[in-house]
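Accompanying notes for the structure given below.
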Amino acid sequence: MGAGRAKLLRTIEEEHSLRKACKKLGISYKHAWMMLKKMNEALGEPAIVTVRGGKNQGTFLTDLGRKLLAEYETNKQILNETIGDETAWENVSFKLSARNQLPGKVLEVEKNGLVCKITIEMEPSVITSVVTEEAVDKLDIKPGDRIYAVIKSTEVMVAKIVGEKGQIKTDSKETNQSD
């Protein structure tokens, strides 16, 4: 989830109305609805619900929607603190480049239809990557596995060391990539 979707969810939570949120953010209702539809399809369950009629009508975040927004805000805060702390990455022995491979341990793999959420522990924080179920199956990713979060400016992929020679398998939705 990026800043735009987070801002939309946050404004829906404040306004209790998709139409009011769109007006406040200066975006079209159709554009917002399509963003939410894609998000719900990727998650496999709704991030928002609409209640029609009565005094309690409106658009509200579900528990999942609130959890996603909280997770986004937490990760944003950690990222801002890490970027601001020039010595933070020294603790994990990395120099940042256009493509980073950060080692971590899989805490949880949550399958939801065609997509999976992988929760990865990387000291000093935890990140979540959303990848295809096909990638999880192909790499045989399960809790406890040591993996790499491969981060580019446009995506986060995962890699897993297989065999004793330290070969790494990688998988991504993009098959033709250039840096």
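The values are calculated or read from the model by the stated rules, or taken from the named source; none is laboratory data. Predicted, not measured: the structure shown is a model, and the values here were computed from it. Here Cβ is always computed from backbone atoms with ideal geometry, including for glycine, and neighbour counts include all displayed protein chains.
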A careful count of residues in region 36-53 that are at negative phi and either buried (at least 16 other Cβ atoms within 10 Å of the Cβ) or part of a loop (DSSP other than H, G, I, E, B) (or both) gives 9
Residue pairs qualifying under the 6 Å Cβ cut-off, at least six apart or on distinct chains, with the first in region 113-126 being farther than 10 Å from Leu102 by Cα and the second being among the acidic types (Asp, Glu), are Leu114/Glu133; Cys116/Glu133; Lys117/Glu110; Thr119/Glu108
Of the candidates Val131, Val126, Val92, Val109, the one satisfying the condition of being at pLDDT below 85 and within 14 Å of the chain's Cα centre (by Cα) is Val131
- Within the bounds of region 139-162, is there any residue that is modelled with pLDDT of 80 or more and hydroxyl-bearing (Ser, Thr, Tyr)? yes
Of (1) modelled with pLDDT under 85; (2) assigned to a strand (DSSP E or B); (3) surrounded by fewer than 16 Cβ atoms within 10 Å (Cβ to Cβ), Pro103 satisfies every one except (3)
If we keep only residues of region 10-58 that are of a type in the set (Gly, Ala, Ser) and under 19 Å from the mean Cα position of the chain (by Cα), then the residue modelled with the lowest pLDDT is Ala42
Q. Being of a type outside the set (Phe, Trp, Tyr), modelled with pLDDT of 80 or more, assigned to a helix (DSSP H, G or I) and touching an Asp or Glu at 6+ places or on another chain (Cβ under 7 Å), is that true of even one residue in region 1-8?
A. no
Those residues of region 1-35 which are under 27 Å from Asn112 (Cα atoms), buried (at least 17 other Cβ atoms within 10 Å of the Cβ) and in contact with a strand residue (DSSP E or B) (Cβ under 7 Å, 6 or more places away or on another chain) amount to Leu9, Ile12, Leu18
Looking for something out of contact with any Phe, Trp or Tyr (no Cβ under 7 Å at 6 or more places or on another chain), free of Cβ contacts under 8 Å to residues at least 24 places away in the same chain, not assigned by TED's automatic domain parsing to the domain that holds Cys116 and not in a helix (DSSP H, G or I) - is there at least one such residue anywhere in region 16-27? yes
Within region 113-123, restricting to residues that are more than 20 Å from Ile78 (Cα to Cα) and surrounded by 14 or more Cβ atoms within 10 Å (Cβ to Cβ), the one that is modelled with the highest pLDDT is Cys116
Filtering region 54-74 down to residues that are in contact (Cβ under 8 Å) with a residue 24 or more places away in the chain, outside any helix (DSSP H, G or I) and small (Gly, Ala, Ser) yields Gly58
